[in-house]
Amino acid sequence: MLERDTLNRLRKILESVRDKNGGPIPFEQVMALSAEERLRVGVTIDFQASDVLGAPLVFLHNAPADTEPASALEISPAELRVAALIAAGLSNKEIARRLGISVGTVKDHVHHILQKNDLPNRASIAVSFRRSQ
């Protein structure tokens, strides 16, 4: 279960960034909090919800207690490019644009990365990618 203090710190990070510039939340800050707190949950942030809600929508996903992101990803070269851009904080749409592929293809790559490596979410792809570098 996510500690209340950790959740409050995540909320403050999200609010402080929104208050400063209204732009996207730096992925590095969310990843740093996750690493620092050794969160055993997945965090999904829907930035497109900001258009409707005025703030990103944050989902927390509990992971099984024994789940740790793999230290090295077992993926194809195309999936590796997608994983690198996920680790850089890009959305599926931004990745598709950058690589010149469809959003559907990006989603397929993300799904395959998660499935091949038994990872719970995009954040764990980013953590695993960074650990392998």
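Numbers for the structure displayed
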{"item": "Chain lengthening between residue 116 and residue 131 when straightened (0.36 nm per residue, less Cα-Cα)", "result": "3.7 nm"}
{"item": "Reference-scaled alpha-carbon Rg (2.2 N^0.38 Å with N residues) for segment 77-132", "result": "0.99"}
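Any read-out appearing in this document is the output of simple, stated calculations on the displayed coordinates, not a laboratory observation. These figures come from a predicted structure and were not determined experimentally.
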